[in-house]
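Worksheet: one structure, shown below.
The values are calculated or read from the model by the stated rules, or taken from the named source; none is laboratory data. Everything numeric in this text was worked out from a predicted model, so none of it was measured. A quick note on method: Cβ atoms are made from the backbone with ideal geometry, for glycine too, and the neighbour counts reach across all protein chains shown.
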Amino acid sequence: MSAAPPADAAENTGHAAHGHGSPGYVDVKDALLKRLRRAEGQVRGIARMVEDDVYCIDILTQVSAATKALETVALALLDDHLSHCVAEATAEGGPVAEEKIREASAAIARLVRS
């Protein structure tokens, strides 16, 4: 497992470092964090199941539930991105709007492939 990035590196991954305003998900941030903590607990539970030699199908059922939890977070973030970042950029028009649409399309493609 890799170490966490230095504090200054973590700060540079925010919206400001990428030339973005505040995130669109700011109003649902607590709900997203709650879902992510739940998914984290599910993944830890799956690891314990493997350690305890639990039946494969039971583990797969839990993997499916954890995957669904992460997909729910991803879709919520995508929805916020489209309704906040992409909507604002398209209202302005120009190359920024085109870039936001390309970003959203690429994100959707990644979600569909996963």
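The residue that is farthest from VAL86 (Cα to Cα), among those in segment 20-44 that are small (Gly, Ala, Ser) and surrounded by 15 or more Cβ atoms within 10 Å (Cβ to Cβ), is ALA39.
Within segment 91-107, the set of residues being exposed (fewer than 15 other Cβ atoms within 10 Å of the Cβ) and not charged (D, E, K, R) comprises ALA91, GLY93, GLY94, PRO95, VAL96, ILE101, SER105, ALA106. Scanning segment 83-96 for residues that are modelled with pLDDT under 90, outside any helix (DSSP H, G or I) and more than 17 Å from the chain's Cα centre (by Cα) turns up nothing.
Within segment 48-88, the residues that satisfy the criterion of being β-branched (Val, Ile, Thr) and either touching a residue at least 60 places away in the same chain (Cβ under 8 Å) or in contact with a Lys or Arg (Cβ under 7 Å, 6 or more places away or on another chain) (or both) are THR72, VAL73, VAL86.
Summed over segment 46-77, residues that are farther than 30 Å from ALA104 by Cβ and surrounded by 15 or more Cβ atoms within 10 Å (Cβ to Cβ) total 4. Taking residues in segment 93-114 that are farther than 16 Å from LEU77 by Cα, and partners anywhere that are assigned to a helix (DSSP H, G or I) and modelled with pLDDT of 90 or more, the pairs with Cβ atoms closer than 7 Å and at least 6 places apart or on different chains are VAL96/ALA89; ALA97/ALA89; ALA97/THR90.
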